Amino acid sequence: LMAKAYVAVDIGASSGRLMLAEIQAGKLKLQEMHRFKNGFTRENQHDRWNVDHLVNEIFTGLEKIKAAGYDEVRLGIDTWAVDYVLVGMDGKKLQDPISYRDARTRDAIAELTSELPKDYIYKKTGIQFLDFNTLYQLYAENKADLAKTDKIMMMPDYLGYVLTGNAVTEVTNASTTQMLNLREGLFDKDLLKQVNVSQEQFPRLVESGTVLGNIRHKWQLEYNLPQTEVITVATHDTASAVVGTPGNGDHWAFLSSGTWSLLGAELNVPENGAAAFAENYTNEWGAYGTYRFLKNIMGLWIAQCVKREYNDKYSFADLAALAEKEKPFQQFIDVNAKRFENPTDMIQEIQDYCRETGQKVPNTPGAIMMAVYSNLSLFYANELAKLDQILGYAIDTLNIVGGGSNVALMNQMTSTLANIDVYAGPDEATAIGNIMVQMIAEGDVSDIASGRQLINDSFKIKRFTPETGKYGTVLQRYQDFLKFEKGKKV
Ligand code: ADP
Ligand code: LRH
């Protein structure tokens, strides 16, 4: 009899995969069983996700797993945060969900916080102000649609609901709504009221690591699926990524590097004081009572747009190789400027930015990508310095995980700029963290510390050490540039 295998369904904004894991000879063995593209498309006036497509890809992946000889599996689902599906009285989605990059929330922070002040919301929630937080999406939501809504389901909760018929709201992802009250551990009544949503419209809150139920019989009949028990994992992909990050000691930072770069530290107590508020750091809820104290950085979304705009002529690895041939730090770019969130033409936007700020304009794929990697690395180094200040201790190592951990050039530049040891990998930390919570729930792994030890023992992790002095004062000059640009705006 084969031991039950674990399946992670990990869907990021750019791609999804089904990874299969088993423990063999004391090591975690991970296999990619299915991979598919994800992205939003313009439909009915908004940028929307095609959720039926995601559901179908989960079934396709499960069919492959069954065909590979696995008759019984456990399965967890994680996706990107903040987005939700409106479900009607008939238990069906009202429409395809709108993407967080849609322009509808452009003015929502300003409007909502003219009624409820920012510091009031931050004190309650500890969550960073991003205009696409669920709070602002609901504020901008079509009122007629909201009136028809029986349940608001976060993306991974919705997928779990379609699979099993059971609906919950899992806390790691729910915290990104900016609607959970840090102290009470529940949805905040004032914030719910502000967006005309009732507590009952969200399925009950659950912790990561709870059993959701078996996959519905009707799916078993329609597809050739293994027996599947769905476990509600840390359903926010970044929460799973942090669980899957094998940090050492007490002073490590993580960089979950994918569509977004999420840079921060795992805390046991939230840090929502004045400094964190001023720097717009967030306290997202993690598995096992932890907090992801982090900042969102624009990340490889920029690389994804650049790749697409060159008609996918170059792979990501090709683009990284072209960048390697260029000189770094030829221009300073504030990668978190709003203009890079969803521009019609990313390459043009980067070039315009350089032109407007009187800098050298990158013109080739290599030069553009070097500008992107240089400026992401600078941003990381600058934030690491802020983290030290806010947390009051020196971060001693940075663990980079996710697809971006494959970019050796950026790992090395970040190490040198921040003057810190960088550990790169695993690139599938999110899927691994997803599986780790399932293994802990089932008793195959005793706790998160032994889980991280298992990850350290099972995967190749590359170390990068600082090339001290190599870049001179470039970080200082970059910091001056950012201050100058911020000053211009007011
Ligand atoms: P998400 O889960 O947010 O969709 P991933 O963690 O899968 O993102 O990371 C995908 C990103 O990783 C790609 O957009 C790409 O920029 C980067 N990436 C992955 N592999 C490589 C590689 N070999 N060389 C350069 N970049 C890579
Ligand atoms: C990364 C991520 C991030 C969120 C964003 C919407 O995939 O979940 O943590 O801020 O997507």
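Only the coordinates and a few stated rules stand behind these numbers; no lab work does. Remember, predicted model here, so these are calculated numbers, not experimental data. Positions of Cβ are generated from backbone atoms using ideal geometry, with glycine treated the same way; all protein chains shown enter the neighbour counts.
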Quiz item: region 403-443: Rg/Rh from Cα coordinates, Kirkwood Rh?
Solution: 1.20
Exercise. Evaluate Rg over Rh across region 335-478, taking Cα atoms for both radii and Kirkwood's formula for Rh.
Key: 1.05
Practice problem: Towards the positive end of the charge dipole of the chain, with charges on Cβ (+1 Lys, Arg; -1 Asp, Glu), say which of GLN330, ALA21, PRO343 has the farthest Cα. | Solution: GLN330
Self-check item: Principal axis dimensions, region 419-477 - Cα atoms, whole angstrom, descending
Solution: 51, 21, 17
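Give me the Kirkwood hydrodynamic radius of region 151-254 in Å, from all C-alpha pairs, to one decimal place?
Details: mean 1/r = 0.0649 Å⁻¹.
Kirkwood radius, region 151-254: 15.4 Å.
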Quiz item: Once the convex hull of the C-alpha atoms of region 302-355 is built, how many Å³ does it hold per residue, rounded to a whole number?
Solution: 85 Å³
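Give the peptides 26-32, 172-178 in descending order of average Cβ contacts within 10 Å, highest first. Could you put the intermediate results ahead of the total?
Working: 26-32: 13.9, 172-178: 27.0.
Put in order of decreasing packing, that is 172-178, 26-32.
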Practice problem: Could you run the Karplus curve 6.51 cos²θ - 1.76 cosθ + 1.60 with θ = phi - 60° over region 248-258 and give me ³J(HN,Hα) per residue in whole Hz, x for Gly and Pro? | Solution: 10, x, 10, 10, 8, 10, 10, 10, 8, 10, x
Self-check item: Estimated vicinal HN-Hα couplings, Hz - region 41-54 in sequence order (Karplus 6.51, -1.76, 1.60; Gly, Pro = x)
Solution: 10, 7, 7, 6, 6, 9, 7, 10, 8, 8, 6, 4, 4, 4
Quiz prompt | Mean projected area in nm² (Cα convex hull; one quarter of hull surface) for region 1-65 | solution = 5.1 nm²
Exercise. Sort the following peptides by mean Cβ neighbour count (other Cβ atoms within 10 Å, averaged over residues), highest first: 437-448, 253-264.
Key: 253-264, 437-448
Quiz item: Kirkwood hydrodynamic radius (Cα pairs, Å) of the chain?
Solution: 23.0 Å
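Which number do you get for Rg(Cα) / (2.2 N^0.38 Å) in region 248-385?
Details: Rg = 16.6 Å, N = 138, 2.2 N^0.38 = 14.3 Å.
Taking the Cα Rg and dividing by 2.2 N^0.38 Å, one obtains 1.16.
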Quiz item: Want the number for ASP396 to ARG42: 0.36 nm per residue separation, take away the alpha-carbon distance, what's left?
Solution: 123.1 nm
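For region 56-153, what is the per residue volume of the convex hull drawn over the alpha-carbon atoms, in cubic angstrom? Spell out each step's value before the answer.
Numbers: hull volume 14.4 nm³, N = 98.
It comes to 147 Å³ per residue, whole-number rounded.
Normalised by the residues of region 395-484, what does the relative contact order come to in percent, with Cα pairs under 8 Å and at least six apart?
With pairs under 8 Å counted, the relative contact order is 35 percent.
How high is the FRET efficiency between ARG463 and ASP250 when r is their beta carbon distance and R₀ equals 25 Å, given to the nearest 0.05?
Working: r = 19 Å, r/R0 = 0.76.
Here the calculated transfer efficiency is 0.85.
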Practice problem: Using a cut-off of 12 Å between beta-carbons, work out the net charge of the residues near GLU383 (Lys and Arg +1, Asp and Glu -1, GLU383 not included). | Solution: 0
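With a cut-off of 8 Å between alpha carbons and a minimum separation of six or more residues, what is the relative contact order of the chain in percent?
Working: 982 pairs, mean separation 74.7, N = 490.
Value for the chain: 15 percent.
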Quiz item: Pairs LYS4/LYS66; LYS123/LYS193; LYS27/LYS460; LYS118/LYS189; LYS29/LYS295: which are spaced more than 21 Å apart, C-alpha to C-alpha?
Solution: LYS29/LYS295
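Kindly rank 372-381, 415-424, 449-458, 112-121 from highest to lowest mean number of other beta carbons found within 10 Å of each residue. If you can, show how the numbers build up before the last one.
On the way: 372-381: 25.4, 415-424: 22.4, 449-458: 16.8, 112-121: 13.9.
Put in order of decreasing packing, that is 372-381, 415-424, 449-458, 112-121.
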Quiz item: Near LYS151, which aspartates and glutamates are there with a Cα under 16 Å away, not counting those fewer than 8 places off in the same chain?
Solution: ASP83, ASP90, ASP96, GLU141, GLU170, GLU200
